[in-house]
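**Q** Below is one structure. I have some questions about it.
The values are calculated or read from the model by the stated rules, or taken from the named source; none is laboratory data. The shown structure was predicted, so the numbers you read here are calculated from the model rather than taken from an experiment. Please note: Cβ atoms are built from the backbone with ideal geometry, for glycine as well, and neighbour counts cover all protein chains shown. In case anyone asks, the SASA skips ligands and DNA or RNA and just uses the protein heavy atoms, side chains included. Shrake-Rupley method; radii C 1.70, N 1.55, O 1.52, S 1.80 Å.
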Amino acid sequence: MVGAGIYVLTGTVAKEIAGPGIILSFLLAGFVSMLAAICYAEFGSRIPKAGSAYVYTYVSIGEFWAFVIGWNIILEHMLGAASVARAWSGYIDSMLDGIIANTTKTITGEMHDQLFAKYPDVLAFIVCLVYAAALAIGVKATAVFNGILTLVNIAVMTLVVVLGFWYANPKNWSDQEGGFLPYGVGGVIAGAATCFYAFVGFDSIATSSEEAKNPTTSIPIATMLSLVVVTVGYILVSAALTLMIPIREINPAASLPDAFGELNLHWAKYAISIGALCGMTTTLVGSLFALPRCLYAMASDGLLFSCFGKVNTKTQVPLLNLVVAGLFSAILALLFDLEKLVEFMSIGTLLAYTIVSASVIILRYRPPQVPEFGAYAPDTPDDDEDEVSSQSSIDTASPTSDLIEVALAGRLKPQFRWLEPILGKYEPGSAVSAAVLLFTVLSFCLSFHLEVSREIMYQGTWWPLCLYGFLIFCIVACLLVIAVHNQNTRGLNFKVPLVPFLPALSIFCNIVLMVHLSALTWIRFFIWVVIGMLVYFLYGIHHSKEGEVCSSYAMLLSSSEASKCHWGTTSEQTDGRMTSAHKAFQRLIGKKIAEDKKPIFQEEEP
């Protein structure tokens, strides 16, 4: 986390989005990241395997949502490499007093400012290709090298904070310079949506549960402590920057060294520039190192073209993946500026965190499959008996407290049996999954309505308030529908507290930040998602290896998976009473049906 974010974001957000209110933006982004990080910690406890949100979702929720997250992880790494390369170039240009930018503008002219950057950044393009080529021949940053660069980062942050507060001028936060919130509360929220980029990387803590000695306590503590330390560091650096010089004089491409240059502290300018280049080098190498391997993992599962699943025998590196990753990252760095790249990256990351938070709720209320506990599960009635008798049978059987919890998972709590005529007719867990989906949609509607009708509401118009009341009522109703069901926490070493309310708050906060991103960012993201859906439905769904023993995650799935058929459906193993539309909806809300994946572990009967 302490890498490119501090050098890429502070100037851009402070000058163009939030002003000195960037301090509150980092605080809000850190809080939202904390909510998502807690959900990641439960995922790491539920599936104690090294990996990422793609692995978690593939194993627990299903292939489609795993593709959605994996597709966004590809975008995250591509944009991360491009944004860091752009910032890398900006810092070099700052040390050369703008020679590169001025020369490029003279030769190529300026581009469309709304859609692209002001000028094509050729140096950033070359940097991406050079680092990709270095990784292609097997060059890797060692742990010692990364440790040294991390110490340089910390030293640079300390230097910025100490000198910044020494030369601080409170007038830069005065009304003459626009005040502390020159862009209002909306600017703070929009800045938080962009600052979310600075906290990308905390998921590496949650995904290391397999290596942790005591993941039950160490992973939550490490996650929270890291986020707190990084948030405090970002706030101090942002405060120092906005107190040193007015926001109108900030250079977004190289804000920190130029700020010290304005104060005639040229030695500090060059020291910070060198430290920034060291920090951004590790981040750029990390993004270009991870991106080809993400492509390889998805190709190994059949979701991407098989050519991306090949590894060079000499270098042991997926060379084609590295070429594609380096080229596309270089093109993005060439055409887009930092603000557009960071916003574009933030929206994909926020969507991935939203899916993770929703998955935590769905899995908490989803009962395990009967074969997993076949030796202990109480007798259940035949198919011709109604759901009420099934509920009574399960309630009366209580071998142990764990088995009672497992048997009741996804069913109504005893004190809410009066809702049986409404919710009791659905399969256990289905009502919760539908409520989570509806909650997510309603949260987006509420956030969007709040964004577009804020001024009308301030004028006293009655209809926005009525719509707010209706949406809030429906959102609360969704939470109550979820809360009246029994949870399944069996086997969890770490549990998110206050489920479903804390994960629901994470979903809502992520959506609020997404709504505050620019319309052009949403258009670009929509195009990216459309491309991903075309890849999935025209290729991935036909070549998926989810039901094959050779799947890269076959070790986590049972060998009795149903075989794939046309358009990704599975062979029918039930009595045929469930329609195709019903099955499609069940998969969409994350509900496993009879022909979907079986339990992760399944003991064979002697």
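**Q** Assuming R0 = 30 Å, what is the FRET efficiency of residue 130 and residue 99, from their Cβ-Cβ distance, to the nearest 0.05?
**A** Values: r = 20 Å, r/R0 = 0.66.
Calculated value: 0.95.
**Q** Mind ranking 273-280, 435-442, 419-426 by how tightly packed they are, going by the mean number of other C-beta atoms within 10 angstrom, highest first? Write out the running numbers ahead of the final one.
**A** Working: 273-280: 22.5, 435-442: 20.6, 419-426: 14.0.
Going by the mean number of other Cβ atoms within 10 Å, highest first, we get 273-280, 435-442, 419-426.
**Q** Go through 461, 450, 481 and say which Cα lies farthest out towards the positive end of the charge dipole of the stretch 437-551; charges sit on Cβ, +1 for Lys and Arg, -1 for Asp and Glu.
**A** So the residue furthest toward the plus end is 481.
**Q** Percent of accessible area on the stretch 212-334 owned by carbon and sulfur, 1.4 Å probe? Don't jump to the answer; show the numbers that get you there.
**A** Working: 3440 of 4840 Å².
Summing carbon and sulfur atoms, their accessible area is 71 percent of the total for the stretch 212-334.
**Q** What distance in nm separates the simple spin-label points at residue 249 and residue 154, each placed 7 Å from Cα in the Cβ direction?
**A** Modelled inter-label distance: 3.3 nm.
**Q** For a quick protection proxy, order the peptides 179-190, 333-344, 160-171 by their average other-Cβ count within 10 Å, most packed first. Please report the intermediate quantities before stating the final value.
**A** On the way: 179-190: 18.0, 333-344: 25.1, 160-171: 15.3.
Answer by packing, highest mean first, reads 333-344, 179-190, 160-171.
**Q** Additional query: Residue 221 to residue 165: FRET efficiency via 1/(1 + (r/R0)^6), r the Cβ-Cβ distance, R0 25 Å, to the nearest 0.05? If you can, show how the numbers build up before the last one.
**A** Details: r = 30 Å, r/R0 = 1.20.
Once the sixth-power term is evaluated, E becomes 0.25.
**Q** Can you order the peptides 285-297, 224-236, 464-476 by their average number of other Cβ atoms within 10 Å per residue, highest first?
**A** Working: 285-297: 22.1, 224-236: 17.8, 464-476: 14.0.
By packing density, highest mean first, the sequence is 285-297, 224-236, 464-476.
**Q** Ok, one more. Could you work out how far apart the two model spin labels at residue 232 and residue 474 are, taking each label as a point 7 Å from the Cα in the direction of the beta carbon, and quote it in nm?
**A** My value for the distance between the label points is 4.3 nm.
**Q** Taking just the alpha carbons, could you work out the radius of gyration and Dmax for the stretch 295-338, both in angstroms?
**A** Spelled out, the Cα radius of gyration and Dmax of the stretch 295-338 are 12.5, 37 Å.
**Q** Keeping all protein chains in place, calculate the accessible area per residue for the stretch 61-193 (probe 1.4 angstrom), answer in Å². Intermediate values should be presented prior to the final figure.
**A** Values: 6340 Å² over 133 residues.
With the other protein chains kept in place, the stretch 61-193 gives 48 Å² per residue.
**Q** Here is a follow-up. Give the calculated FRET efficiency between residue 323 and residue 543 to the nearest 0.05, with a Förster radius of 30 Å applied to their Cβ-Cβ distance.
**A** Values: r = 22 Å, r/R0 = 0.73.
Efficiency computed from Cβ-Cβ geometry: 0.85.
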